[in-house]
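First the structure, in the form of structure tokens, and then the observations on it.
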Amino acid sequence: MIGDRLRRGERIPGFGHTVYQVDRLGNYLLGRLWEIRSEHRLLAIAGEMLAVMGRRCLPAPDTDLAVAVLTRMAGMIDGAAEAIFVTARTAGWLATPSRIMTAIGCCEPEPSTSGINPNGQLVPAPVPRLRHAHGDLGGVASGHSPGATTAGQPRAVPHSSSVRPGTTPIPVVTGGPAIGWFPESESREETRVPYVEAGEAKIWYIVQGTGFPMLTLAPGGMRSSVPLWEMAAINPLAAYAGQYQMIAMDQRNAGQSAGPLETGDPWGAYAADQLAVMDHLGIDRFLVFGCCIGGPFILKLLALAPERVVAAVLEQPVGIIDSNRELFDNLWKQWREQLMGKRDDLSSEEIEAFATTMWAPDFAVSVTRDQVRSFRTPILVLPGVDEYHPAETGREIAALAPAGELLEPWKDPEHLPAATEAVGRFLQDHTPR
């Protein structure tokens with residue numbers, strides 16, 4: 001069904017919020033449904049849909065999917081989902097004047113009212129406050145807007161936070177990581193997340209945990225941003241929480257990061273942003289873990305700053321072969337429409353010039369085969385299993401790199417737990433003591 005719709009150029013109902021890259025309320029509702037009725041067949045179906053969308057680096061689920069599952073599981077009458085939507089939307093409209101009055105200081109905020117984040121944006125009060133089942137993600141992957149407390153007042157920002165493992169994870173994606181959420185009962189101060197100025201670009205990042213630093217480069221194609229780690233089969237922010245100092249970031253012109261389009265060297269511009277974040281944090285050498293477009297990001301880092309990367313994990317790296325080039329043309333065109341909706345300073349022609357330059361090469365896109373042959377950094381490759389992440393590209397990267405290793409099969413439910421452990425051992429073996 002999903003494949004047929006994509007071939008017709010149609011969107012997948014229940015996926016892809018028009019404003020938010022990850023719909024925190026829909027994610028929360030799915031997690032709660034799993035807690036209540038984890039054995040229900042509709043949750044298994046929803047999980048399979050999430051897995052398919054995740055493998056293709058397509059948009060995350062929105063509230064429509066969660067409400068549809070809820071009404072069907074509860075045996076509600078036809079039209080119940082629309083009634084829930086209208087009720088919730090009306091409540092939102094009624095709350096908006098109160099939020100605006102609070103924002104401009106017309107009234108004293110109550111403890112449960114909204115606030116303003118460091119960028120001057122209105123932020124809804126958390127209902128309830130959420131925490132990932134594997135530990136805190138700095139209020140980002142849970143959908144919290146950074147910088148607002150329940151009293152609506154911005155607070156200071158710690159550059160890192162300790163990660164405490166939670167209770168039993170909620171496996172929403174079949175065969176994948178736990179991406180469910182549960183209410184947090186104890187009080188916790190929320191954090192305001194910093195930016196890095198990289199030339200004319202403004203790059204948003206988070207830091208969590210302590211230990212040897214690991215830079216994580218999220219999936220999502222040109223929309224690569226921190227919340228999309230939830231869609232990955234192996235999410236390092238969850239799988240290896242508490243073992244490393246994790247650095248995650250929204251790439252330029254994705255999520256909360258923005259900057260000019262460097263048409264002359266798109267991949268080099270992304271690498272410069274990534275190194276700017278590490279420089280800002282005072283980190284010289286680090287591990288790096290990338291998924292999807294994170295693969296080419298890593299390879300470009302190895303070409304430009306090999307002395308800084310201790311070891312790298314490439315999870316289902318994208319690659320261009322004869323049979324899939326059209327897919328990437330469609331990918332950047334969708335990104336262009338989204339970007340033009342946010343940036344009136346960019347023309348369609350400018351975005352097209354950037355994107356066509358970026359995706360013009362073949363193989364691993366950001367580097368050549370000869371460059372991969374020159375890399376001496378230990379690399380572990382988990383090849384993809386779909387059109388966007390050709391298995392042949394992942395295998396060739398591992399074969400060409402002098403210190404390359406290949407891990408497969410790895411992604412199916414039968415092998416994923418052992419693969420997650422194997423990746424963890426690779427990271428530990430190459431972490432400086």
Can you name the condition, by its number, that Phe426 falls short on among (1) under 25 Å from Tyr270 (Cα atoms); (2) modelled with pLDDT of 95 or more?
(1)
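Go through the residues of region 287-305 one by one and say whether even a single one is among the aromatic types (Phe, Trp, Tyr) and in a strand (DSSP E or B).
Restricting attention to region 287-305, the residues satisfying the condition of being among the aromatic types (Phe, Trp, Tyr) are 289, 297.
Checking the rest, the ones that are also in a strand (DSSP E or B) come to 289.
Checked against the condition, which is being among the aromatic types (Phe, Trp, Tyr) and in a strand (DSSP E or B), region 287-305 yields at least one hit.
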Would you call Ala311 part of a strand (DSSP E or B), over 12 Å from the mean Cα position of the chain (by Cα) and under 23 Å from His389 (Cα atoms)?
yes
Scanning for something among the small types (Gly, Ala, Ser), more than 26 Å from Gln245 (Cβ to Cβ) and touching a residue at least 40 places away in the same chain (Cβ under 8 Å), does region 332-351 turn up at least one residue?
no
Would you confirm whether any residue within region 360-367 is surrounded by fewer than 13 Cβ atoms within 10 Å (Cβ to Cβ), hydrophobic (A, V, I, L, M, F, W, C) and modelled with pLDDT of 95 or more?
yes
Are any residues in region 374-398 small (Gly, Ala, Ser) and either without any contact (Cβ under 8 Å) to a residue 24 or more places away in the chain or in a helix (DSSP H, G or I) (or both), and if so, which ones?
Ser374, Ala391, Gly394, Ala398
Which members of region 271-286 meet the condition of being outside any loop (DSSP other than H, G, I, E, B) and without any contact (Cβ under 8 Å) to a residue 60 or more places away in the chain?
Ala271, Gln274, Leu275, Asp279
Take the residues in region 240-259 that are among the small types (Gly, Ala, Ser) and not in a loop (DSSP other than H, G, I, E, B), then tell me which one is nearest to the chain's Cα centre (by Cα).
Ala248
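Looking only at region 314-329, which residues are under 17 Å from Gly294 (Cβ atoms) and in a loop (DSSP other than H, G, I, E, B)?
As a first pass, look at region 314-329 and keep what is under 17 Å from Gly294 (Cβ atoms): 314-320, 328.
Correct list: Gln316, Pro317, Val318, Gly319.
Any chance region 292-311 includes a residue that's touching a residue at least 40 places away in the same chain (Cβ under 8 Å), surrounded by fewer than 18 Cβ atoms within 10 Å (Cβ to Cβ), at negative phi and of a type in the set (A, V, I, L, M, F, W, C)? Let's see the steps before the verdict.
Kept after step one, since they are touching a residue at least 40 places away in the same chain (Cβ under 8 Å), are these residues of region 292-311: 292-300, 302-303, 306, 309-311.
After this cut, where a residue has to be surrounded by fewer than 18 Cβ atoms within 10 Å (Cβ to Cβ) as well, the list is 306.
Going one step further and asking which of them are at negative phi, we end up with 306.
From what's left, of a type in the set (A, V, I, L, M, F, W, C): none.
Checked against the condition, which is being touching a residue at least 40 places away in the same chain (Cβ under 8 Å), surrounded by fewer than 18 Cβ atoms within 10 Å (Cβ to Cβ), at negative phi and of a type in the set (A, V, I, L, M, F, W, C), region 292-311 yields no hits at all.
Could you list, in sequence order, all residues of region 408-426 that are assigned to a loop (DSSP other than H, G, I, E, B) and under 15 Å from Ile379 (Cα atoms)? Give the steps one after another, and end with the answer.
Here is the first cut: in region 408-426, the ones assigned to a loop (DSSP other than H, G, I, E, B) are 408-415.
The answer is Glu408, and nothing else.
Residues that are closer than 30 Å to Asn330 by Cα and either in contact with a Gly (Cβ under 6 Å, 6 or more places away or on another chain) or modelled with pLDDT of 85 or more (or both), at least 1 per element: which helices (runs of 4 or more DSSP H) completely within region 9-117 meet that?
Details: elements: 24-37, 41-55, 63-73, 80-104.
Hits in region 9-117: 24-37, 41-55, 63-73.
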In region 352-373, what count of residues is obtained for those that are within 30 Å of Gly424 (Cα to Cα), part of a helix (DSSP H, G or I) and in contact (Cβ under 8 Å) with a residue 12 or more places away in the chain?
4
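In this structure, does Glu337 turn out to be farther than 21 Å from Asp265 by Cα and crowded, with 21+ Cβ neighbours inside 10 Å?
no
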Among the residues of region 247-269, which ones are touching a residue at least 60 places away in the same chain (Cβ under 8 Å) and within 17 Å of Phe286 (Cβ to Cβ)?
Ala248
Among the residues listed as Phe354, Phe328, the single one being surrounded by 13 or more Cβ atoms within 10 Å (Cβ to Cβ), touching a Ser or Thr at 6+ places or on another chain (Cβ under 9 Å) and farther than 20 Å from Val309 by Cβ
Phe354
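Of Arg395, Arg373, which residue is surrounded by fewer than 14 Cβ atoms within 10 Å (Cβ to Cβ) and modelled with pLDDT of 95 or more?
Arg373
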Of all residues making up region 260-291, the number that are within 19 Å of the chain's Cα centre (by Cα) and at positive phi
0
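Out of everything in region 190-238 that is β-branched (Val, Ile, Thr), part of a loop (DSSP other than H, G, I, E, B) and at pLDDT 90 or above, what residue ends up being surrounded by the fewest Cβ atoms within 10 Å (Cβ to Cβ)?
Step one: filter region 190-238 for residues β-branched (Val, Ile, Thr), giving 191, 193, 196, 203, 206-207, 210, 216, 226, 234.
Still in the list and also part of a loop (DSSP other than H, G, I, E, B): 191, 193, 210, 234.
Checking which are at pLDDT 90 or above leaves us with 210, 234.
Working: Thr210: 15, Ile234: 23.
Applying the filter and picking the extreme gives Thr210.
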Condition check: of a type outside the set (Asp, Glu), outside any helix (DSSP H, G or I) and surrounded by fewer than 24 Cβ atoms within 10 Å (Cβ to Cβ). Does Gly268 satisfy that?
no
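The values are calculated or read from the model by the stated rules, or taken from the named source; none is laboratory data. Everything numeric here is computed off the predicted structure, so don't read it as measured data. No Cβ is skipped: glycine too gets one built from the backbone with ideal geometry, and neighbour counts run over all protein chains shown.
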